[in-house]
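The structure appears right after this line, and notes come after that.
The values are calculated or read from the model by the stated rules, or taken from the named source; none is laboratory data. Please read all numbers here as calculations on a predicted model, not as lab measurements. Cβ atoms come from the backbone with ideal geometry, glycine included; neighbour counts cover every protein chain shown.
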Amino acid sequence: MRNSTSTLTTKGQVTIPIDVRKALGLKPRDRVKFTLEQDGARIQRAKSALEAGFGAVKPRKKPEDFKELRRMAMEEVAERALKEM
């Protein structure tokens, strides 16, 4: 394991060294998660909202028929438009 160091600014910011960013797969604007442990802290790439929610909603059937869903949505929009006339 390789050690890297960085300096804390007066605003509490640090630059994450390139080797750490590469190892964690971090890109600009990514979020990171800090976990306090007994002997220090751990940094991890935080899951995006999309990644965190993946699989949370089960499809009604497999595989989902997206063409049919789009057709149903278009019919619903058309019905609402007719009611408003």
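Quick one: residue 33 ticks every box in (1) within 30 Å of residue 4 (Cβ to Cβ); (2) assigned to a loop (DSSP other than H, G, I, E, B); (3) of a type in the set (Lys, Arg) bar one, so which box is it?
Only one criterion is unmet by residue 33, namely (2).
If only one of 41, 23 is in a strand (DSSP E or B) and aliphatic (A, V, I, L, M), which one is it?
Only one candidate qualifies: 41.
Inspect all residues belonging to segment 10-33 and state whether any of them is among the hydrophobic types (A, V, I, L, M, F, W, C), loosely packed, with under 10 Cβ neighbours inside 10 Å and modelled with pLDDT of 90 or more.
So far as segment 10-33 goes, no, none of its residues is among the hydrophobic types (A, V, I, L, M, F, W, C), loosely packed, with under 10 Cβ neighbours inside 10 Å and modelled with pLDDT of 90 or more.
Being within 30 Å of residue 12 (Cβ to Cβ) and surrounded by 10 or more Cβ atoms within 10 Å (Cβ to Cβ) is the requirement here; does residue 41 meet it?
No.
Looking only at segment 39-72, count every residue that is without any contact (Cβ under 8 Å) to a residue 12 or more places away in the chain and within 21 Å of residue 5 (Cβ to Cβ) and tell me the total.
4
Select from segment 65-85 the residues that are loosely packed, with under 10 Cβ neighbours inside 10 Å and under 26 Å from the mean Cα position of the chain (by Cα) and list them in ascending order.
The one that is loosely packed, with under 10 Cβ neighbours inside 10 Å and under 26 Å from the mean Cα position of the chain (by Cα): 66.
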